[in-house]
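What follows is one structure encoded as structure tokens, with my remarks underneath.
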Amino acid sequence: MVEDKIDDNEVEQRGEFPVVLLQQKSMEYSIISKRSSRARYSYGIIFLITNLIAWFVRDYGERILPLLHYSKACGDGGSECSHTMGVLRVSLGCFIFFLVMFLTTCFTSKLYDVRNEWHSSWWILKFLMSIIFTVIPFFVPSDYIQLYGEFARVGAGVFLILQLISVIEFITWWNNYWMPDERKKQSCSLGLFMSTVCYIASICGIFVMYVLYASKTSCILNIFFISWTAILLVVMMAVSLHSKVNRGLLSSGIMASYVVFLCWSAIRSEPATQKCSSQQQNNAHGGWTTVIGFLIAICAIVMATFSTGIDSQTFQFRKDKVQSEDDVPYKYGFFHLVFSLGAMYFAMLFISWNLDGLPRKWSIDVGWASTWVKIVNEWFAATIYLWKLILPVVRQTKVMDHEETEQQMDNSTSV
């Protein structure tokens, strides 16, 4: 009997041992996953510091960069390493850093992978890498930097597209979350309240833009921008409320606010010398309001890059895969790829998409090139949103036509 009891205890212990082991592994995976999630904030800080360095080199680089007079890449007095070229050099260093991180962490899927450890730790080495990659471009000939600037325009455009898709997917998710439900009466009321607020804000935004930027009949371009934005609002609302689409007012209201914001931002980017720009009237390039606006713009760049980088699920082809506890919390390769594209994007904002111009101090994304980029971005955003509304209807129509054709063929063969 004693032996039987011992055997039973051994069996129980043997049965409990795998359970304890699994619990320990689960705890380890949870700790590693949290460390990986915190790592993205460190990359965001590196990106923010790089933005500030690019701004400092652009506006104040002439005071310190003459120390590089011995470098042929900087030209006489270091002029080739300041202003526009200086921003591109800093951007190139940031791009190379995140490109290296992309190549070394791409396709990492499990927390116990060695590449996960490289992504989540070794911060002293990575900070040194970031410094080295920032310094090296200042010794690269200007012709290669100019070539990178042309390439950066394309990369910045790709970043804008990824950001648009991420924003529209977020709007779709928010609309689905607040969809009217019989079991959740509160969701319906809150969704209706949010849609009302968004439409009121959009209409007020259109009215304010007419007053501030299109008060004169000579401001034909601004009148066109604002009027076309108003037309887009009506079209998006009409398509969203159509009986075949029936997506409600919330998604179109949020999208309307976003489109109005893009239009306002585009008009604000017009050069201060233009008579229809309030920048000239308010002297917006000087004073504490300009400094605050500039710092907010830099933070917005970092947040836009960060939010797009962690939104890898939006760009997955297969979304039915069940995530296990030992999977990485987000796609590292996509995260670093977005940050490398973001490096090109902030370079274009600092130089206003003009490789040959001379940006003004404490300004960001100001110029006709910036204005047209934002306007095209607005139109493209509205197009993508309308296509996402219409696409399910088009697919359903094709399926119904296909089924009717098959039914007609079956009837003809039976006859």
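Below is a table of values for the structure above.
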| item | result |
| --- | --- |
| Residue order, fewest to most surrounding Cβ atoms within 10 angstrom, among Ser340, Ser251 | Ser340, Ser251 |
| Ranked Tyr60, Tyr345, Tyr258, Tyr213, criterion: other C-beta atoms within 10 Å, fewest first | Tyr60, Tyr258, Tyr213, Tyr345 |
| Anisotropy class of the stretch 335-391 from Cα gyration tensor, a/c 1.5 cut | oblate |
| J(HN,Hα) series, the stretch 254-267, from Karplus relation 6.51 cos²θ - 1.76 cosθ + 1.60, nearest Hz, glycine and proline x | 5, 5, 4, 4, 5, 5, 4, 4, 5, 5, 4, 5, 5, 5 |
| For Glu150, Glu62, Glu378, order by how many other beta-carbon atoms lie within 10 Å, fewest first | Glu150, Glu62, Glu378 |
| In sequence order, calculated HN-Hα J values of the stretch 146-154 (Karplus, 6.51, -1.76, 1.60; Hz; x Gly/Pro) | 5, 5, 5, x, 5, 5, 5, 4, 5 |
| Global form of the stretch 90-183, assessed from the alpha-carbon gyration tensor, a/c cut-off 1.5 | oblate |
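Where a number appears in this text, it was derived from the coordinates with a stated rule and is not lab data. Predicted model, so just to flag it, every value in this text is computed and none were measured. Don't worry about glycine lacking a Cβ; one is built from the backbone with ideal geometry, like all the others, and counts go over all protein chains shown.
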